[in-house]
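Reading through the structure tokens given below for one structure.
What follows draws every value from the coordinates through simple rules; no lab data is involved. Given the structure is predicted, the values throughout are model-derived calculations rather than measurements. Please note: Cβ atoms are built from the backbone with ideal geometry, for glycine as well, and neighbour counts cover all protein chains shown.
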């Protein structure tokens, strides 16, 4: 009998996960990738299950990716966006969660603007909670699909050098990537203007630089984050053009980097700010493959949490 | 009415007393402290194996009344105090209305008269509405009965206004209690700035925002030769600044709260909103500095910073949840568990921090078991353990950071003015 | 767990496979439009071996695929171990083919039901036939094998273990009884 590797009803972040758990999600995702290559891109694994996409922040791509993933598993999908829900009438997150539970849904996929919201919801409901991004905290499925793509491109994660460039301080994608990559043995460097590097990054296992050429030097891959100028309350960010001049990834900069460096971006891209169009559309860019892989990774996550939760419920009734 | 307490280990640092003896109480006052008192009493309490301490004086309590009676009232808060062995509290002025005028203090005094179960002393507001714009009539506040002034919850940002306030409090003989926080530096943070804030993806509150303001306030007070008391010290640098000032002879005192010597920022890592307070839980070296500060006398007092909040205000997203934790019912046991049991403080040292020193700082006739003093005392079983459970709180609010912790030290009797409450 | 009896040894097992190969060829009149799809895990190795047998007999290569039916199971929550999702690898089209579905043991019929569902998602074969090494009875669904290595009547508290060189180091089939 094999040991249960995945026992969690929720996926809240990569910080809590072991290397084995991350690898298990990724290897399961490999099997799911095949499903999307079929003529009939659908398996009945979650037939009769209901997945609720609960999005408190506008997000098209993550929501659509989860929706496609759930549908390819034959689950029913309900989308709740903040504009149409009762959130604005002042219902608490816990009440919302309990109401969704009363609808007999099985999985809540939640995007929330407050860090820790997914963890709080998961503590208060018995159904599965998948964190689709909470504040600046974590965005585990994005990091998993980034790592999945890197593994596909480079053959391994152990020992590879990955640089994450952009607003690290306010990035859940950066945090999840740092946890995931370092757990799997990659060497991670983060690169940003000093004011966008939060304290304690080294203790999380990443190296820090504010020199983009240094970050590109010798890197096997670079993950370029979206600059969220629209969120800059304090107007402390550098100007867009200045940012592009100092940190934007261009073909000239890449001349000094490894020839087959992998270029990633979680999207949506600000062309001409984080990277030039030539780079975004160039031979080293895997940005669209990331989108494809996102489906496989999310299918894997939805399947595993649903399965684990069935086991948890079964054990409870057995007691 | 005569009450005789037999064979307890009596701890009274004011009289340098720590021995097993009896206490006789008559007409609400201590009438005799001696071995083998033979007197006919109306009631005798056998305190063998127990310790007898002066009733605790908690100089930092938010009773929430008037204004937020859903969180706490003078009645429920003082009931909670007695349960925790606290017989006197200083009510902080951030009520609605704030305690910034004679009228408002009168309003609170009426509520106290009608419903308080323990002694409630009033802290007036330094500025009108605690807005840091215009000084309250500090002289009038004192005349009406305030024993201290503070804008707690907010700091007086203006140096000039702070100087004025310190002069007035000095001249009036009122202690000024400083909530040391530069809000420009704490920048809407919710947890300690550092690895923890980064891991959690939350805005951080730097230690700088606290200790820079401590440094400013100490400097101003020193210059004006005014006494000053620094509230809820949470970090190493603040302790160091205060230690140096004391060495120079500045009239500075300070307090810390039980959570700062028992918990670190690690406790916040699962977004437990009961671990959210201001200043925030800090790092291990800060906790150690606080403990050493208590041991070496840099920190004069322990106060709960009892800050009750309803579940609605705590059972929400971390960033939206209110700052603050309750503390009246757990502070003595936390102190026994974390400070006495670990050998950091003697029982006598504990009574100084939690009873004698706060009474001295506030210049109130409390905190001793001297003959003739009001018979406020607490009888504690120092070895008995108990589990902190939500259902057992008598405070209206249950937002304790110690829920489900096992603590040592059970309050068996709280006696107020000679009457067992 | 107690091993009760050895049903097939290495030689007997290979003889059975060779016989099944002959039967497949006979029934389908050669290798035209024929393909083998094994059900993970041991069915895949049995399918490969049947392909080798067919090659020996006819000199023709028959395409072999691997089918993982985890996502089609109806008992995900009832089994105590974690079903690990493996890749399905069918590199050829199955439209209008004669598909021989291969598994090690036919028991309740539920695995085959899931496999049929999965196969249908890949195309529309002309026919699907089922080959199993062992049929142990106790069917819960109307499923019947077209080719059987050996029929073994068993009790419900027994299990039939098919061991193969590729997965277990040796070829044999044994009956194991669960301790009461």
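Numbers for the structure displayed
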quantity: Contour excess over end-to-end distance, with Cα ends at residue A:239 and residue A:19 and 0.36 nm allotted per residue; calculated: 75.3 nm
quantity: Average projected area [Cα convex hull, region C:92-145], square nanometres; calculated: 3.5
quantity: Average other protein chain Cβ within 10 Å of Cβ, residues B:290-300; calculated: 0
quantity: Span per principal axis, largest first, for the Cα atoms of region C:53-131 (Å); calculated: 44, 25, 22
quantity: Highest average packing first - B:179-186, B:121-128, Cβ atoms within 10 Å; calculated: B:121-128, B:179-186
quantity: Cα pair distances of chain B binned at 20 Å [whole percent]; calculated: 28, 60, 11, 0
quantity: Which of B:415, A:40 has the fewest Cβ neighbours within 10 Å, and the rest in rising order; calculated: A:40, B:415
quantity: For region C:1-65 and region A:1-60, distance of Cα centres in Å; calculated: 35
quantity: Between helix B:159-172 and chain B: long-axis angle, C-alpha atoms, 0 to 90°, nearest 10; calculated: 20
quantity: Using a Förster distance of 30 Å, the FRET efficiency for residue A:39-residue A:82 (Cβ separation, nearest 0.05); calculated: 0.20
quantity: Shape parameters for region B:84-194, alpha-carbon atoms, Rg then Dmax in Å; calculated: 14.8, 47
quantity: Calculated P(r) tail over 25 Å for region C:79-180, as whole % of Cα pairs; calculated: 28
quantity: q = 0.04, 0.05, 0.07, 0.10 Å⁻¹: log10 I(q)/I(0) that the Debye formula gives for the protein assembly as shown, counting C-alpha atoms only; calculated: -0.29, -0.43, -0.73, -1.10
quantity: Residue mean of other protein chain beta carbons inside 10 Å, A:24-32; calculated: 3
quantity: For chain A, radius of gyration divided by Kirkwood radius, i.e. Rg to Rh on alpha-carbons; calculated: 0.97
quantity: Tensor-based shape of region B:258-333 (alpha-carbon gyration tensor, a/c under 1.5 rounded, otherwise prolate or oblate); calculated: oblate
quantity: Residue B:110-residue C:27 pseudo-label distance in nm [points 7 Å out on the Cα-to-Cβ vector]; calculated: 9.7
quantity: Peptide ranges C:60-70, A:245-255, B:249-259 listed from the most packed, as the mean C-beta count within 10 angstrom indicates; calculated: B:249-259, C:60-70, A:245-255
quantity: Cα shape, region B:86-125, gyration tensor, a/c 1.5 rule; calculated: oblate
quantity: Fraction of beta bridges assigned by DSSP in region C:1-148 that are antiparallel (%, nearest 5); calculated: 5
quantity: Percentage of interatomic Cα-Cα distances in region A:140-286 larger than 27 Å; calculated: 12
quantity: Fraction of beta bridges assigned by DSSP in chain B that are antiparallel (%, nearest 5); calculated: 50
quantity: Kirkwood Rh (inverse of mean 1/r, distinct Cα pairs), region B:381-421, angstrom; calculated: 11.8
quantity: Relative exposure of B:334, A:35, judged by other C-beta atoms within 10 Å (fewest first); calculated: A:35, B:334
quantity: Kirkwood-type radius of region A:1-47, with distances r between different C-alpha atoms, in Å; calculated: 12.7
quantity: Using alpha carbons only: equivalent-ellipsoid semi-axes of region B:273-421, gyration tensor based, whole Å; calculated: 27, 20, 16
quantity: Calculated on alpha-carbon atoms, Rg and Dmax of region B:321-408 in Å; calculated: 14.8, 47
quantity: Kirkwood Rh in Å, taken over all unlike Cα pairs in region B:48-145; calculated: 13.9
quantity: Gyration tensor (alpha-carbon) shape descriptor, region C:11-156, a/c threshold 1.5; calculated: oblate
quantity: Convex hull of region B:1-77 built on C-alpha atoms - directionally averaged projected area, nm²; calculated: 7.0
quantity: For residues of B:199-208, the mean tally of beta carbons on other chains within 10 Å; calculated: 5
quantity: Label-point separation in nm, residue C:14 to residue B:143, each point 7 Å along Cα→Cβ; calculated: 11.4
quantity: Relative contact order (%) - criterion: Cα under 8 Å, at least six apart; region: chain B; calculated: 20
quantity: Percent of beta bridges antiparallel (DSSP, the protein assembly as shown, rounded to nearest 5); calculated: 35
quantity: Ordering of B:48-55, B:366-373 by packing [mean C-beta count within 10 Å, highest first]; calculated: B:48-55, B:366-373
quantity: Ascending count of other beta-carbon atoms within 10 Å, so fewest first, for B:45, A:107, A:94; calculated: A:94, B:45, A:107
quantity: Alpha-carbon centroids, region B:156-225 and region A:268-319: separation in whole Å; calculated: 45
